[in-house]
Amino acid sequence: MCGACAMVINRRPGLACSVFVRDLAGKNPGDGPVQITLEPLSKFPVIEDLAVDRGIMQEDLIRAGDYRERIAEPSAREFDHQYLAGRCLKCGLCLEVCPNYRSGGDFYGAYFANETYLVNSSAGGGDTRIRKEFRRHFAAHCSKSLSCQEVCPMNIPTLSSMLYMNKNRH
Amino acid sequence: MKTVLIIGSGIAGLTCAIRSAESGSRVILAAPYISERAQSVMAAGGINAALKHVDKDDSTALHIEDTWRGGAELEPMENVRALCENAPQMVHWLESLGVVFSRNSEGKIDQRAFGGQSRKRTCYAGTAAGRQIVSALVMEARKYECSARKGGGAGMIERRLRIWFHSALIRGGVCHGAIFYNEETQDLETITADEVVMATGGQNAVFGKTTGSQLCDGYGAAKLFQQGVILRNLEFIQYHPTTIVTAQKKMLISEAARGDGGRLFYLDGGCRVYFMEELYGERGNLMPRDIVSKCIYDCPSQVYLDISFLGEETIDRRLTEIRELCQDYLGLDVTREPIPVEPSVHFFMGGIAVDMKHRTNIEHLYAVGECASMYHGANRLGGNSLLAAVYSGSAAARAISGSESAAHPDFSADLAEARAELSGREGTPCPVPAVQIYEEMTGIMNSNLGITRTENKLKDGIERIRECRGLCSGRVLDESVTPYQRYALPSLLTLCEAVLTAALQRRETRGAQIREDYPETKPELALPTYAALEQGTIHTWITEKESKNEITC
Ligand SMILES: Cc1cc2nc3c(=O)[nH]c(=O)nc-3n(C[C@H](O)[C@H](O)[C@H](O)COP(=O)(O)OP(=O)(O)OC[C@H]3O[C@@H](n4cnc5c(N)ncnc54)[C@H](O)[C@@H]3O)c2cc1C
Ligand code: SF4
């Protein structure tokens, strides 16, 4: 999976490569042909057909300076969570379903919470610079609908990232 | 400040970019998509280094020995030595950047068994090593992207997205940059640089569906070949023994499944035949890939891989992605049922010929990662190509930091010529839709250059590829494919012919080159094959060095 084929399929955002016609078809043999509607993700500028420009996700990460400055000893407790967060595809599905996200705004969305978690947890939790960015571009805007976590094809626990980042550390 | 243009942003390109920025260069990292879409994220099993965290008696000497023997004794020993001796340093560097490696009970990086290796040597991150490495490298590269935004200083990276390599700017045997097709402007543009590094990955798209990414089509190597760059070992194409095939994709079931105990079998009258164990004993399932693929190919019926007996807890902890993949694409629960598997094209040992500093035969032009041919000989061991991607990226960056830069000539006439060709205003239309020629090409490569090869099939393949090229060369292709695919196709066909020619010329069986008509391995041919294009004719020769004077087949 690479996340390139994120789109809206029968009104539900998903990765086209892992949505199957058999699951969209009617359950009973006599249900007849199904109509499948494909649309581009609505939160990003359309390049052509179903292709959208998700460059804003990279832009926002650069703007917030999302990189590691310090690496602490790896923590066994954080391993599973870091492993899951490290799987992010930058597919943008979490932004598509978010009621608060608007491309180009101050709120960067769920993947951003996970990316800041990766930076902060690698530093053992004490990276005040990145925690400030998290508060500014995530915590201040999120109304916790958590639809982002449900839609994520990589099962990244965004709620846990938020909890980690919100904890008062150091 | 030296400008380094890196084409391709997978693990090799990213590593070279970070290392070059660290040493103070201005890096332009060019690729059509972000690094998270590069094939590198698909790497599952892990990366090799003799860290001795699990098997205390492992050593660099054993890593060298396994790599050289696994590669069917073809790769010059000094190349293998350079890779393996630097492996621990490469893995520690990745660890220092925050790569989330799986850990053993002592908190050290855990290591698993992998095919063709005498010790547990593969450092892993669940079954998503590539993704975890890319995630950390992207973050590290971002540090230098941020410094570029702040107006530079020592070392910076500027990313260029949505641009595709078109050709290199070469004058008098020196490279000065490259021409790209820009999707946004739908036009060609030049980027000049003091050093150019190709990091464009393997040649999957010439085979159609493979385990890898279609973004890797081999065009980089193909075009450079037409521009005078020497290629190497093209005939060695790895078939991975265990893949699942669906209507849309061929997907890898990582060797990690067998490393952790998975067993291959076929059914004979309802009885399971564990053929690899019968043929090669206890470690049979973990023989090198060339051997396992050929054995599966020879089986009388469908082959299955069983991991169900490992138990749900182990599978979920160590083989997470394999469970997800089989569930999503086959509706199969690997904790209860065996997985039907078959071999598929997976990796290219061949590519651009480079020296130990990853320089090509053109000055200031380098090649790193899977697009370069180095280290793996006639068959790559699992876990060695992520290592090669990181190591080659570092080696090229080190060489670049020392080399002198050249003044750039004017390339505006080259750009104008390329533009005229691309616009397709002049010339005769191709009588066949381009998409049909693509299909024909992938069909020929699969059927005539399969796991086993014969002179007849290879000659037939060359003839049919030439016919395809005859149809489209110098003609204007239709819009059934993208503008990039339109200009790439004739070059890809030339690459296909070079691959078939190299396979035809090597009259022996060695590693991934299995000749039905020449089943023996010939000690005098334990040398790389080189290929060059001169006045439209492909020449291949087998020799120790790139110089063509030694042995010609
Ligand atoms: C399914 C799978 C699993 C694997 N598992 C392992 C493993 O466990 N261990 C291991 O060691 N190896 C593994 N490999 C092999 C390994 O992943 C690759 O060899 C390695 O990642 C190659 O890295 P790279 O940087 O050279 O190329 P890639 O990651 O393929 O990157 C190529 C880059 O070039 C760009 N590009 C391509 N064409 C153009 C063009 N025309 N213009 C501009 N840019 C272009 C692409 O967009 C991309 O950015 C696996 C491979 C596959 C397919
Ligand atoms: S967090 Fe999940 S949904 Fe959001 S971009 Fe990453 S992978 Fe996609």
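Remark: chain A is approximated by an ellipsoid whose semi-axes, taken from the C-alpha gyration tensor as √(5λ), come to 33, 18, 13 Å, largest first. Overall, the ratio between the Cα radius of gyration of the stretch B:1-143 and 2.2 N^0.38 Å, rounded to two decimals, is 1.11. With a cut-off of 11 Å between beta carbons, the residues surrounding B:GLU145 carry a summed charge of +2, where Lys and Arg count +1 and Asp and Glu -1.
Pairwise Cα distances in the protein assembly as shown exceed 49 Å in 11 percent of cases.
Report the antiparallel proportion of the DSSP beta bridges in chain B as a percent, rounded to a multiple of 5.
70
Here the 3J(HN,Hα) profile of the stretch B:97-108, calculated from phi with Karplus coefficients 6.51, -1.76 and 1.60 at θ = phi - 60°, is 8, x, 4, 7, 7, 5, 10, 8, 5, 8, x, 8 Hz, Gly and Pro shown as x.
Run a plain Debye calculation on the stretch B:456-538 (Cα atoms as equal point scatterers, no solvent) and give log10 I(q)/I(0) at q = 0.26, 0.27 Å⁻¹, rounded to two decimals, same order as the q list. After summing over all Cα pairs, the log10 values are -1.26, -1.31. For the protein assembly as shown, the mean residue ellipticity at 222 nm estimated from helices alone is -11000 deg cm²/dmol, where every DSSP H run of n ≥ 4 contributes -39500 (n - 2.57) and the total is divided by all residues, rounded to the nearest 500. A protection proxy built from the mean count of other Cβ atoms within 10 Å ranks the segments B:196-203, B:103-110, most packed first, as B:196-203, B:103-110. Pairs of Cα atoms nearer than 8 Å and 6+ residues apart set the relative contact order; for chain B it is 19 percent. Inter-part distance, the stretch B:484-536 to the stretch B:378-398, computed on C-alpha centroids, equals 22 Å. DSSP assigns beta bridges within the protein assembly as shown; of those with both partners inside it, close to 70 percent run antiparallel. The 3J(HN,Hα) values that the Karplus relation (6.51, -1.76, 1.60; θ = phi - 60°) gives for the stretch B:341-352 are, in residue order, 10, 8, x, 9, 4, 9, 8, 10, 6, x, x, 6 Hz. Gly and Pro appear as x. Shape annotation for the stretch B:197-263: C-alpha extents along the principal axes are 46, 26, 22 Å, from largest to smallest. Between the amide H of A:GLY124 and those of A:ALA72, distances stay under 5 Å, these residues lying 5 or more places away or on another chain, with hydrogens modeled in the peptide plane. Computed over the stretch B:239-344, the range of Cα coordinates on each principal axis works out to 31, 30, 28 Å, biggest value leading.
Couplings 3J(HN,Hα) of the stretch B:261-274, computed from phi: x, x, 10, 9, 8, 10, 9, 10, x, x, 9, 6, 10, 7 Hz, in residue order, whole Hz [Karplus 6.51 cos²θ - 1.76 cosθ + 1.60, θ = phi - 60°; x for Gly and Pro]. Take the Cα radius of gyration of the stretch B:1-76 and divide it by 2.2 N^0.38 Å, N being the number of residues; the result is 1.49. Counting 0.36 nm for each residue step from B:HIS539 to B:ALA154 and taking away their Cα separation leaves a gain of 134.2 nm. Put simply, when B:164-174, B:230-240, B:369-379 are sorted by average Cβ atoms within 10 angstrom per residue, most first, you get B:369-379, B:230-240, B:164-174. Counted by Cβ distance under 14 Å from B:PRO409, the other residues give a net charge of -3, where Lys and Arg count +1 and Asp and Glu count -1.
Counted over all Cα-Cα pairs of chain B, pairs farther apart than 39 Å make up 23 percent. Can you find, among B:ALA526, B:VAL197, B:ALA154, the residue farthest towards the positive end of the dipole of the protein assembly as shown? Put +1 on the C-beta of Lys and Arg, -1 on that of Asp and Glu. Positive-end residue among those listed: B:ALA154. Computed over neighbours whose Cβ is under 11 Å from that of B:GLU520, the net charge equals +2, Lys and Arg +1, Asp and Glu -1. Amide H to amide H distances under 5 Å link A:ILE47 with A:VAL52, A:ASP53, where only residues 5 or more positions off or on other chains count and H is placed in the peptide plane. Taken along its three principal axes, the alpha carbon spread of the stretch A:31-91 comes to 57, 34, 12 Å, from the longest extent down to the shortest. For the segment B:119-127, counting C-beta atoms of other chains within 10 Å of every residue's C-beta and taking the mean gives 1. Peptides B:442-453, B:470-481, B:35-46, ordered by how many other C-beta atoms sit within 10 Å of their residues on average, highest first, read B:35-46, B:442-453, B:470-481.
In the stretch B:424-552, the DSSP beta bridges split such that about 70 percent are antiparallel, to the nearest 5. Annotation: the stretch B:113-212 has a Kirkwood hydrodynamic radius of 17.5 angstrom, from the mean reciprocal C-alpha pair distance. The stretch A:30-69 and the stretch B:447-470 have Cα centres spaced 41 Å apart.
Values in this text are rule-based calculations from the coordinates and carry no lab data. Since the structure is predicted, the reported quantities are computational estimates derived from the model, not experimental observations. Every residue, glycine among them, receives a Cβ derived from its backbone with ideal geometry; neighbour counts consider all protein chains shown.
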